[in-house]
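The values are calculated or read from the model by the stated rules, or taken from the named source; none is laboratory data. Remember, it's a predicted structure, so these values are computed and weren't measured experimentally. Positions of Cβ are generated from backbone atoms using ideal geometry, with glycine treated the same way; all protein chains shown enter the neighbour counts. Heavy atoms of the whole protein, side chains included, go into the accessibility calculation; ligands, DNA and RNA do not. Shrake-Rupley method; radii C 1.70, N 1.55, O 1.52, S 1.80 Å.
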Amino acid sequence: MPSVPRRHHPFALTAVLLLALAPPLVAAQTGQMEGENLLMSLTDGFVPAYHNQKRSVAISEMIPSGETLDHWSEIHTMLVLYGGGNLPIDAYVERVGQSFRKDCDMADTVPIASGTENGYKFAFWLQTCSYFDRKKPPETTWFKMINGNDSSYVVQHAVHAEPTTEQTVRWARYFATVKVCDSRIPDRACPHVQ
């Protein structure tokens, strides 16, 4: 398993490839997508904050407009592991949990759903982090990992607070729409984008 990039906040274990690589991955352009694609919508009110690609890993981050990478209330991220379509999802979930347990005074991994969507294995889970020092805000992060044939994708959304019911419902609905398609496989075909 490749090492997990860490930046800007102690839990940026994954990040969003929405910017420089958006056309091949995100259904945001017109026409027919080719090959394997991650289907996800851009997050309203969020702006690009960071993007980097090194060898077989691409990472991007988006934050609410007006915030910075050093001071954010929410951060939306994605990691693309090119050529990593066979990464063991359970091992990745455990690795993320270990990192949270190392960095937080109290941490928990909460499985939400796993199985197969559009022919691809996935897991959706929640990570929590809190500190004994009340000056450090808690962090709650929703993760969804999908193993494609060509790559593995990890999308996450973190909040620096205990999530509200509204946030929990919003992000559960959002992550239900994050999927992988492949124009080379008829029963996993990508939609035509208008």
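Things to note:
- Taking region 63-72 as the range and being surrounded by 13 or more Cβ atoms within 10 Å (Cβ to Cβ) and either in a loop (DSSP other than H, G, I, E, B) or touching a residue at least 40 places away in the same chain (Cβ under 8 Å) (or both) as the test, the residues that pass are GLU67, LEU69, TRP72.
- Check on VAL169, over 24 Å from ILE59 (Cα atoms) and either out of contact with any Asp or Glu (no Cβ under 7 Å at 6 or more places or on another chain) or assigned to a loop (DSSP other than H, G, I, E, B) (or both): yes
- If you go through region 29-57 and keep only what is hydrophobic (A, V, I, L, M, F, W, C) and either open to solvent by less than 50 Å² (accessible area, probe 1.4 Å) or modelled with pLDDT of 90 or more (or both), you end up with MET33, LEU38, LEU39, MET40, PHE46, VAL47, ALA49, VAL57.
- Region 149-168 residues that are over 28 Å from ALA91 (Cβ atoms) and among the aliphatic types (A, V, I, L, M), paired with ones that are in a loop (DSSP other than H, G, I, E, B) and open to solvent by 40 Å² or more (accessible area, probe 1.4 Å) (beta carbon under 9 Å, 6 or more apart): ALA161/SER73; ALA161/PRO137
- Only one of the listed residues (PHE100, PHE124) is closer than 14 Å to PHE143 by Cα, open to solvent by less than 30 Å² (accessible area, probe 1.4 Å) and either more than 13 Å from the chain's Cα centre (by Cα) or hydroxyl-bearing (Ser, Thr, Tyr) (or both). That residue is PHE100.
- For region 112-127, filtering for residues that are in contact (Cβ under 8 Å) with a residue 24 or more places away in the chain and under 18 Å from THR168 (Cα atoms) leaves 6.
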